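The structure under discussion appears below in the form of structure tokens.
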Number of protein chains: 2
Amino acid sequence: MSTDLSKFIRNKAFLDKVVTAEEAATWIEDGMTLGMSGFTLFGEPKLFPKALAERGKKEKFKIDLFTGASMGPAADQSMAEADIINLRVPYQGNPVQRKKINAGEIFYIDQHLSHVAESIRQGTYPSLDYAIIEAAAITEDGDIIPTGSVGNSPIFLDTAKHVIIELNISAPPEYEGMHDIYMQSAAGENTREAIPIFEVSKRIGTPGMKVDSAKVRGIIISSEPDIPSPLFEPNAETQQIADNLLSFLGEEVKAGRLTESLAPLQSGVGSVANAVLNGMKTSGFKDIVVASEVLQDGVFDLIDAGVVKFAAGTALSLSKKRVESLGKDLAKYKDKIVFRPQEISNHPEVIRRLGIISFNTALEVDIYGNVNSTHVGGTHMMNGIGGSGDFARNARITIFVTQSTAKDGKISAIVPFVAHVDHTNHDVDVIITEQGYADLRGLAPTQAAERIIENCMHPDYKQQARDYLAAAKERGGQTPHVLEKAFSWHTNLAEKGTMLIK
Amino acid sequence: MSTDLSKFIRNKAFLDKVVTAEEAATWIEDGMTLGMSGFTLFGEPKLFPKALAERGKKEKFKIDLFTGASMGPAADQSMAEADIINLRVPYQGNPVQRKKINAGEIFYIDQHLSHVAESIRQGTYPSLDYAIIEAAAITEDGDIIPTGSVGNSPIFLDTAKHVIIELNISAPPEYEGMHDIYMQSAAGENTREAIPIFEVSKRIGTPGMKVDSAKVRGIIISSEPDIPSPLFEPNAETQQIADNLLSFLGEEVKAGRLTESLAPLQSGVGSVANAVLNGMKTSGFKDIVVASEVLQDGVFDLIDAGVVKFAAGTALSLSKKRVESLGKDLAKYKDKIVFRPQEISNHPEVIRRLGIISFNTALEVDIYGNVNSTHVGGTHMMNGIGGSGDFARNARITIFVTQSTAKDGKISAIVPFVAHVDHTNHDVDVIITEQGYADLRGLAPTQAAERIIENCMHPDYKQQARDYLAAAKERGGQTPHVLEKAFSWHTNLAEKGTMLIK
């Protein structure tokens, strides 16, 4: 390789550690626990996991794999295809891996993203044998500069026995200085300080991640490009959801509970959330601060539109178009974006202190406001809870958005009883669909049910839901149900292909 | 009244405000919102609510009632009997009121106890017309000294248009100095400081609660005694649950994850939790700090036994014996106990910083570790979620305890699918019954299910659960279920009086 590596590896102690991915992959033994950087496909090592997967095709071994969040085709997919993953923690989104998880071939722990570092720190999980971390550079001081995500990398570097760096020399040099690395000390009396975030844009940590150079066993040189996420274009329905969200926020401003700069905003991952953000471009709100987990296209669009003045998160998740122009665009966003560890971006202390407004996408909502974010049909994992619980539980206003129906109307996203509960109605303030919004704050369960049915359900399902609620109320209770029919919409779908019961 | 009131009302501006409860009760108008002190029957006004209830027997009016938590016979019960409550927030436990809630005659919002003050501060609820607060004294500076609970009283005093003090001249004078009143400012960027609790016993606030004297419309003089809670004596089963909890904690110490002083401990409200605490007397653990919500007999017993060195909470909940001796006992506990507002005792920032170990009682648990804390049969409210979610969601280790069966074995407390979810399996680390404990940390759902069934279920139900899980696994998924049979144990109970399916 003719590149002058000393530009990227600026500390001499690291220069002689360069290895190939194939060699580094031979260091992994059966049963080892690996922590990899990577979050919503950004900042993940790409050569190493592929090499490890190649080795897995010839040799029988399994690893337990921890990451920040979801990984792409080179990582999660190639390793899942090679059948080398025993346990996957804490989030994933790859179709091949998902299939094996749902077939019981890969164990998967779907954990709140802010809790992973704490679990590692407290020794709840086995300690990591290797951390494999993508980097944009290694500084003069031997600090590791991440690329497009921080995720759990600081705790992985801190606790792993050995470290492998995958140095990506094609990463934009502007990444350096965009991270704000802050580590918590142990929990306990007089052991942990308050997290000093009082203003989202004020830095509290360092640009790079500390690592004991003696632990770094190898540096793999990569020039793999960042991986885009498919994001569908906003359509009439997502625009209507955005409009409904904007009306709700507008009413809050009118009532004097919010100002036109709102409150620090968190938006979930995915096409609907992204489209909703996009729909805020002409909202009239201004000087918005984003305090989120993942920064998608929508956030960049809002910065461009002058609506968002600063954004903090732990990772990027961008469309093909944004990925392709990232190298040339990053300079202009450099003083408007900061990346923090996911333990900090998603920390209840910070979320509650800042009074964040949170909106995330629901897979399924029930008439009482309980939310299923993860399990299709109540049993099959889609991706994972991610950070939605971190934000939903502690936000000033917790909003869940969803289209009211799916599969050409055969599925109602609003059902009598969600077949899996990720967020209980205690944590859900507002439900928004393209039909309207239901503000559940200050409502008892039966009042909430009426509001959700009337404001948010698709007209095709309203009467069916009213009938269920009426029958349930006959039996009484704070949260009336007809238990033997609570999942009848789901079973009708399984048997007859639709939730419409004829 | 011949008592020298100037001993209790030490600020002259308040001395001429003395009124009868009956007169104060006439100030309340139909549709008003009232905030009353009171938490687990301690520190609640007793004369005022009774007088208001009496008025309600002759006149038609309704109020919305906010408290700290549950109130006793003079308050919740008399007002529920008089049918003057429209809406009740955020917790209750009175049988008469419960019946009306489940009949749909009283609206009830069952809210996380740490969130109520925040909701009021943000204007989510209508502002309070009156705060009615029990006090042990009014200081020279006009501060209100609470009695046996703090709860939400500081935010009620701060935001209510008018204030009525129910001064209890029979309250032990030792209460003064035992409270630590700290108020949060508004959430937002650069508006709220970090909560400065780093050591449970270090005070961060003031002994009394601030109130604008101009808002105080009346002072009712009371000498009503504190109200005891029924607490059943520990029995063989609760002792076995305690022993299982102690084995679990012992293993954590052996593994080096805890020391013999453990970590700050929160224990739930109720007989089982109390009995479990009691069972820790001869545990060998020492210098334990309690950082809880409610301090029950068990905490006092552990202080007496020299096992607990300090305890913080927001309220007392004591048996008849302890209530009767409180006046003479309180002096000896004065430097070992502190009461804080429930927003602070239950605050995620504090819980997570201190790394609290939390144990609470479950009504029902499912094979995947989801917990129902509130709804009998999934529909009928028992008491409420209380602070269990505040602690469960943020604790270092979250434990739920329950006897494995109820009603002479006709009900299994462990079921395929809980009929109401208050805590999702993301937030539940350990399940303990008299049969044993299941440590779910680091387990995927199907692994967790096997461990819960084998370690915690009553033998009479094990095979029935194994059969359900096996049938569910045939259908696949991350969290396998046979949805049409998920509530079959519940419907069998409703139809045939037992969850045992023959």
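The values are calculated or read from the model by the stated rules, or taken from the named source; none is laboratory data. For clarity, every value in this text was computed on a predicted model and none was experimentally measured. In this analysis, Cβ positions are derived from the backbone assuming ideal geometry, glycine residues included, and neighbour counts consider all displayed protein chains. Only protein heavy atoms, including side chains, enter the accessible area calculation; ligands, DNA and RNA are left aside. Shrake-Rupley method; radii C 1.70, N 1.55, O 1.52, S 1.80 Å.
Worth pointing out:
- Total residues in segment A:323-350 satisfying the condition of being away from chain B (no Cβ under 14 Å) and either more than 23 Å from A:Phe391 (Cβ to Cβ) or acidic (Asp, Glu) (or both): the figure is 12.
- Within segment A:63-79, the presence of a residue that is within 13 Å of chain B (Cβ to nearest Cβ) and small (Gly, Ala, Ser) is excluded.
Quick grid of which residues meet (1) among the hydrophobic types (A, V, I, L, M, F, W, C); (2) under 19 Å from B:Thr238 (Cβ atoms); (3) touching a Ser or Thr at 6+ places or on another chain (Cβ under 8 Å):
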| site | (1), (2), (3) |
| --- | --- |
| B:Pro264 | no, no, no |
| B:Ser267 | no, yes, yes |
| B:Val272 | yes, yes, yes |
| B:Ala275 | yes, yes, yes |
| B:Ser283 | no, yes, no |
| B:Asp287 | no, no, yes |
| B:Leu295 | yes, yes, yes |
| B:Gly298 | no, yes, yes |
| B:Val307 | yes, yes, yes |
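- Test: residue in segment A:281-297 that is within 26 Å of A:Gly35 (Cβ to Cβ) and within 14 Å of chain B (Cβ to nearest Cβ): yes
- Residue ID - surrounded by the most Cβ atoms within 10 Å (Cβ to Cβ), chosen from residues in segment B:1-35 that are in a strand (DSSP E or B) and in contact with a helix residue (DSSP H, G or I) (Cβ under 6 Å, 6 or more places away or on another chain): B:Gly35
- Test: A:Gly389 is crowded, with 24+ Cβ neighbours inside 10 Å, within 8 Å of another protein chain (Cβ to nearest Cβ) and in contact with a strand residue (DSSP E or B) (Cβ under 9 Å, 6 or more places away or on another chain): yes
- Screening segment A:50-167 for strands (runs of 3 or more DSSP E) wholly inside it with 2 or more residues that are without any contact (Cβ under 8 Å) to a residue 60 or more places away in the chain returns the ranges A:63-66, A:85-89.
- Pick from segment A:114-155, criterion among the hydroxyl-bearing types (Ser, Thr, Tyr) and in contact with a strand residue (DSSP E or B) (Cβ under 8 Å, 6 or more places away or on another chain), ranking: nearest to A:Leu167 (Cα to Cα): A:Thr147
- A:Ser127, sole failed condition from (1) in contact with a helix residue (DSSP H, G or I) (Cβ under 7 Å, 6 or more places away or on another chain); (2) within 12 Å of chain B (Cβ to nearest Cβ); (3) surrounded by fewer than 19 Cβ atoms within 10 Å (Cβ to Cβ); (4) over 20 Å from A:Ile28 (Cα atoms): (4)
- Flag for A:Phe39 being within 18 Å of A:Gln77 (Cα to Cα), in contact with a Gly (Cβ under 7 Å, 6 or more places away or on another chain) and either surrounded by fewer than 19 Cβ atoms within 10 Å (Cβ to Cβ) or of a type in the set (A, V, I, L, M, F, W, C) (or both): yes
- Some residue of segment A:172-185 being open to solvent by 70 Å² or more (accessible area, probe 1.4 Å) and either under 27 Å from A:Asp129 (Cβ atoms) or modelled with pLDDT under 95 (or both): yes
- Options B:Ile227, B:Ile220: the member that is at negative phi, away from chain A (no Cβ under 14 Å) and crowded, with 24+ Cβ neighbours inside 10 Å: B:Ile220
- Filtered residues of segment A:351-365 (kept if crowded, with 24+ Cβ neighbours inside 10 Å and more than 9 Å from every other protein chain (Cβ to nearest Cβ)): A:Ile357, A:Ser358, A:Phe359, A:Asn360, A:Ala362, A:Glu364, A:Val365
- Every residue from segment B:1-24 that is within 17 Å of B:Ala137 (Cα to Cα) and charged (D, E, K, R): B:Asp4, B:Lys7, B:Arg10, B:Lys12, B:Asp16, B:Lys17
- Count of residues meeting criterion [at the interface with chain B (Cβ under 9 Å from one of its Cβ atoms) and open to solvent by 20 Å² or more (accessible area, probe 1.4 Å)] in segment A:446-482: 4
- Taking segment A:95-110 as the range and being buried (at least 21 other Cβ atoms within 10 Å of the Cβ) and either over 18 Å from A:Gly72 (Cβ atoms) or touching a Gly at 6+ places or on another chain (Cβ under 7 Å) (or both) as the test, the residues that pass are A:Asn102, A:Ile109, A:Asp110.
- For segment A:394-416, a residue qualifies if it is within 12 Å of chain B (Cβ to nearest Cβ) and either open to solvent by 10 Å² or more (accessible area, probe 1.4 Å) or in contact with a Pro (Cβ under 7 Å, 6 or more places away or on another chain) (or both), and the qualifying residues are A:Asn394, A:Ala395, A:Arg396.
- Residue list for segment A:366-381, filter: part of a loop (DSSP other than H, G, I, E, B) and open to solvent by less than 10 Å² (accessible area, probe 1.4 Å): A:Ile367, A:Tyr368, A:Gly369, A:Thr374, A:Gly378
- Being surrounded by fewer than 24 Cβ atoms within 10 Å (Cβ to Cβ) and within 23 Å of the chain's Cα centre (by Cα) is a property that B:Phe61 lacks.
- Any hit, segment A:14-25, residues being in contact with a Leu (Cβ under 7 Å, 6 or more places away or on another chain) and within 17 Å of A:Met79 (Cβ to Cβ): yes
- In segment A:483-502, the residues that are more than 9 Å from chain B (Cβ to nearest Cβ), polar (S, T, N, Q) and closer than 14 Å to A:Pro416 by Cα: A:Asn492
- Residue match in segment A:81-101 (condition: closer than 20 Å to A:Ala315 by Cβ and of a type in the set (Phe, Trp, Tyr)): yes
- Only residues that are within 12 Å of A:Ala486 (Cα to Cα) and touching an Asp or Glu at 6+ places or on another chain (Cβ under 8 Å) were counted across segment A:454-474, and they come to 1.
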